[in-house]
Each structure stands twice: as C-alpha cells, then as structure tokens.
Amino acid sequence: MPLISQEEIAHFEKAIYLPMVLIILERDRMLFEKGSFKLKRPYIELVDGAIKQVHKELQETKIHMRKHHMKMIKGTGDDTFTEYVFYHGGYEDHRRYLNVRLRNRVEELLRVYLAMSYQEI
C-alpha cells in the first residue's frame, strides 16, 4: 500500500502544474496585449477566462492542502528531471518528474483551460 494515496498525489500534482500554467497564460496575455493583432480583445478575453479558472482551481488546491496538512517542496533539478518532496500524514515522498513530462502535461492543461474559457464566452 502506498504511503500517500493517489487522490492526494493528484492534489500535489495540481500544486506543481497549475502555477506553471498560470505563468504561461500570463506571459501569453502580455504578448497579446503588445502584439500587432488587429482585434486583441477576443484573445485577451479567452486567456483571462482561463487565468480566472486556473486561479480558482489553484486556490481550492491550496485550501485542500492546508486543511489536510499537506506540504510540497521543490527539490533538486537538472536538465532532465525535477524532484519534488511531498509531505503528508507523517510521510515524506520523493518524486522525480521528467521535465518533458512536465512540459507536456502543462500543454495539455492549457488546452483544457482554454477550452473551458471558450465555452464560457
């Protein structure tokens, strides 16, 4: 039996991925604002909706982690892997994530949040 349940791992991974998604969306928003688009507003509204959704989910994740005494620390990293240390229920779990996997998952989440934003418009 694993020390930390898959459900809790999912919350830890949200705490990894969602800040990365926010960084990408905020940078993209600035590019849309400064870019030479003829009609900027639709792009900015789409990105703003996604940012709002990610903020909401990240806040829920932080509340859940605080309530359940969960803590995550970014460990060492190199060109290939990034290590994260998860603390929960008196257990410490070291996990290494392939940087390519992190990038691909962030890209998937960008699609999800942009699609959610598009449906709300």
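The values are calculated or read from the model by the stated rules, or taken from the named source; none is laboratory data. This is a predicted model, so every value here is computed, not measured. Reconstructed Cβ throughout: ideal geometry from the backbone, glycine too, with neighbour counts over all protein chains shown. The protein model used for the area step is the full one, side chains on, heavy atoms only, and it has no ligands, DNA or RNA in it. Shrake-Rupley method; radii C 1.70, N 1.55, O 1.52, S 1.80 Å.
Identify all residues within region 90-99 that are touching a Ser or Thr at 6+ places or on another chain (Cβ under 9 Å) and open to solvent by 70 Å² or more (accessible area, probe 1.4 Å); write none if there are none. If you could, list the steps in order and put the result at the bottom.
Start the filter on region 90-99 by keeping residues that are touching a Ser or Thr at 6+ places or on another chain (Cβ under 9 Å), which leaves 96-99.
Passing the criteria: Arg96, Leu98.
Please tell me if Glu57 is under 15 Å from the mean Cα position of the chain (by Cα) and more than 15 Å from Ile24 (Cα to Cα). Full working, then the answer.
Details: under 15 Å from the mean Cα position of the chain (by Cα): yes; more than 15 Å from Ile24 (Cα to Cα): yes.
Considered against the rule, which asks whether it is under 15 Å from the mean Cα position of the chain (by Cα) and more than 15 Å from Ile24 (Cα to Cα), Glu57 comes out as yes.
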Query - Which numbered condition Ile4 misses (of (1) closer than 28 Å to Gly75 by Cβ; (2) assigned to a helix (DSSP H, G or I); (3) open to solvent by less than 30 Å² (accessible area, probe 1.4 Å)) - result: (2)
Query raised in the report: Can you name every residue in region 100-121 that is touching a residue at least 12 places away in the same chain (Cβ under 8 Å), loosely packed, with under 15 Cβ neighbours inside 10 Å and charged (D, E, K, R)?
Result: Glu120
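Can you give me the number of residues within region 14-43 that are among the acidic types (Asp, Glu) and free of Cβ contacts under 8 Å to residues at least 12 places away in the same chain? Please lay out each step first, then the result.
Going residue by residue through region 14-43, those that are among the acidic types (Asp, Glu) are 26, 28, 33.
Restricting the remaining residues to those that are free of Cβ contacts under 8 Å to residues at least 12 places away in the same chain gives 33.
So the answer is 1.
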Query raised in the report: Looking at region 12-40, which of its residues are surrounded by 13 or more Cβ atoms within 10 Å (Cβ to Cβ) and more than 30 Å from Gly75 (Cα to Cα)?
Result: Phe32, Phe37, Lys40
Query raised in the report: Just wondering, is there one or more residues in region 71-80 that are closer than 16 Å to Glu8 by Cα, open to solvent by 80 Å² or more (accessible area, probe 1.4 Å), at pLDDT 95 or above and in contact with a strand residue (DSSP E or B) (Cβ under 7 Å, 6 or more places away or on another chain)?
Result: yes
Query raised in the report: Which of the following residues is free of Cβ contacts under 8 Å to residues at least 12 places away in the same chain and either in contact with a Leu (Cβ under 7 Å, 6 or more places away or on another chain) or within 28 Å of Leu3 (Cα to Cα) (or both): Gly75, Gly90?
Result: Gly90
**Report entry** Odd one out for Tyr43 among (1) more than 18 Å from Gln6 (Cα to Cα); (2) open to solvent by less than 80 Å² (accessible area, probe 1.4 Å); (3) of a type outside the set (A, V, I, L, M)
**Finding:** (2)
